[in-house]
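Trainee: Below is one structure. I have some questions about it.
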Amino acid sequence: MTRPIRIGQIVPSSNVTMETEIPALLRVRETIAPERFTFHSSRMRMKKVTKEELAAMDADSDRCALELSDAAVDVLGYACLVAIMSMGEGYHRVSEARLHQRTVENGRAAPVVTSAGALVEGLAVLQARRIALVAPYMKPLTQMVVSYIQNEGIEVSDWLALEIPDNLEVAAQDPANLLEHYKRLDLTGTDALVLSACVQMPSLPSVQKIEDAIGLPVVSAAICTAHQMLTRLGLSTEVPGAGALLSGRY
């Protein structure tokens, strides 16, 4: 019997969402495809979503990549979008290359996906040139996320910052609240809606509902990360009920 595919995640110590949403997505995929998955994490300290804590946390990611490559994971996900984006425009490419190199040096080479890079790639796959987004961050950090995305050639026409500084409080948000939050955005002329530009803010139960309501592709950082993980593994990207990006058409 072929062993299950090992999904590794580098996770902020206070993140409790990526270890629920990524497995939830791939468990649904298991109902329509033969592959089976196991999930493995390594943690970096971070409690408050501030630029200083994010920079200190990112410096710890090399250790996490080594630990996960000790477990011979098949793909490695860096599960903090804002940590990458706060390090400067285009930094996801630097991070992915460096962390991949750690796995190579450890004799267990594995592709690396960052949630920041995955969001950019997911929007590119959808050919979304103009988007709106919801983020839980304070306004300055949200503006930084907007600038990062726009530097990748994607216009952010409207955005909503929920201004929640504590990372555990972000995770405690009810995904159903997004059914009302998104209505505060002007979606005129947009190609897609990013319902959660943060891998800590839960959104999965609302993605398909809002996509059906507005007739536009709806994604989250977690959905884009799952899409990129499957792509890097050379697997089909169909996950029922998880929006256009994971419809199998891309």
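The values are calculated or read from the model by the stated rules, or taken from the named source; none is laboratory data. Remember, it's a predicted structure, so these values are computed and weren't measured experimentally. Using ideal geometry, Cβ is built from the backbone for each residue, glycine included, and neighbour counts are taken over all protein chains shown. To get the accessible areas, we keep the full protein, side chains included, count just its heavy atoms, and leave off ligands, DNA and RNA. Shrake-Rupley method; radii C 1.70, N 1.55, O 1.52, S 1.80 Å.
Trainee: Residues with beta-carbon under 11 Å from that of ASP191, excluding ASP191: net charge, scoring Lys, Arg +1 and Asp, Glu -1?
Mentor: Its environment carries a net charge of +1.
Trainee: While we're looking at this one, here's another question. If packing is taken as the mean number of other Cβ atoms within 10 Å per residue, what is the order of 108-118, 175-185, 128-138, highest first?
Mentor: Final packing ranking: 108-118, 128-138, 175-185.
Trainee: What residue among ALA222, ALA83, ALA33 shows peak mean-square fluctuation when the chain is described by a Gaussian network model with Cα springs under 10 Å?
Mentor: Comparing ALA222, ALA83, ALA33 in a Gaussian network model of the chain, the most mobile one is ALA33.
Trainee: Mind checking which of GLY122, GLY77, GLY153 has the largest fluctuation in a GNM of the chain, springs on alpha carbons under 10 Å?
Mentor: The residue that fluctuates most here is GLY153.
Trainee: If you don't mind, another one. Please identify the GluC sites (Glu not before Pro) of the range 83-151 that satisfy two criteria: DSSP loop assignment and at most 14 other Cβ atoms within 10 Å. Which are they?
Mentor: GLU89
Trainee: Going down the table (LYS51/LYS183; LYS51/LYS209; LYS47/LYS183; LYS51/LYS139), which pairs top 22 Å between alpha carbons?
Mentor: Cα-Cα > 22 Å for LYS51/LYS183; LYS51/LYS209; LYS47/LYS183; rest within.
Trainee: On the accessible surface of the range 138-178, probed at 1.4 Å, how many percent belong to carbon and sulfur atoms?
Mentor: Exposed carbon and sulfur together represent 49 percent of the surface.
Trainee: Calculate how many DSSP beta bridges within the chain are antiparallel, expressed in % of all such bridges and rounded to the nearest 5.
Mentor: Here the antiparallel bridges make up roughly 5 percent for the chain.
Trainee: Among residues other than ALA116 whose Cβ falls under 12 Å from its Cβ, what is the net charge (Lys/Arg +1, Asp/Glu -1)?
Mentor: Charge balance in the 12 Å sphere: -4.
Trainee: So, for the chain, what is the accessible surface per residue at a probe of 1.4 Å, expressed in square angstrom?
Mentor: 39 Å²
Trainee: Using a Gaussian network model on the chain with a 10 Å cutoff between Cα atoms, which of ASP174, ASP158, ASP191 fluctuates the most?
Mentor: Comparing ASP174, ASP158, ASP191 in a Gaussian network model of the chain, the most mobile one is ASP174.
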